[in-house]
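Step one of this worksheet: look at the structure below.
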Amino acid sequence: MITAVDTSVLLDILGPDPVFGRGSANAVRTALAEGSLVASEVVWAELVANYPSSAAAEQAMRRLGLEFSAATAETSFEAGQGWRAYRRSGGQRSRVAADFLIGAHALCQADRLLTRDRGFYRPYFRHLRILDPSQKQQ
């Protein structure tokens with residue numbers, strides 16, 4: 001089982017977030033016990049921005065058991081289709097391509113997405129299995 005993880009879940013753990021940290025850490029442990037935990041280059045880049053160096057960020061990601069997983073061309077096309085649907089439905093945010101890349105990466109290159117932003121992903125990735133660590137389903 002391959003679980004792609006969204007940035008927010010990782011920041012919950014690395015923060016640590018007093019509200020969501022424990023649930024996110026438990027969800028990551030469960031994902032690792034069931035298979036592998038991967039992050040796209042978008043998530044990787046967003047995490048690096050929170051550290052003083054790339055080396056420090058990479059060390060933290062490795063401690064979590066997180067593997068780098070670059071997007072394929074198929075993933076990029078899927079993200080573009082989702083973003084187009086968002087814009088056509090009246091979406092006003094013009095800088096959300098990263099979120100569509102994360103969702104498409106999980107859909108095309110993993111079995112599920114671990115995120116607290118399930119409400120955002122659901123309309124554009126209807127076939128994506130979404131795990132929300134803030135919900136009781138974990």
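Since every read-out is calculated from the coordinates, none of them should be taken as a lab result. Since the structure is predicted, the reported quantities are computational estimates derived from the model, not experimental observations. Ideal geometry is used to build each Cβ from the backbone, glycine not excepted, and the neighbour counts take in all protein chains shown.
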- Task: Using Cα centres only, tell me the gap between the stretch 12-47 and the stretch 86-138 in whole Å.
- Result: 15
- Note on the structure: In degrees, nearest 10, the alpha-carbon axis of helix 54-64 is tilted away from the dominant principal axis of the alpha carbons of the chain by 80
- Message: With viscosity set to 0.692 mPa s at 37 °C, what whole-number translational diffusion coefficient in µm²/s follows for the chain from Stokes-Einstein and a Kirkwood radius over Cα pairs?
- Response: 218
- Message: With a cut-off of 8 Å between alpha carbons and a minimum separation of six or more residues, what is the relative contact order of the chain in percent?
- Response: 31
- 1/(1 + (r/R0)^6) with r = Cβ-Cβ of Ser76 and Ala55, R0 = 35 Å, i.e. FRET efficiency to nearest 0.05, evaluates to 0.80
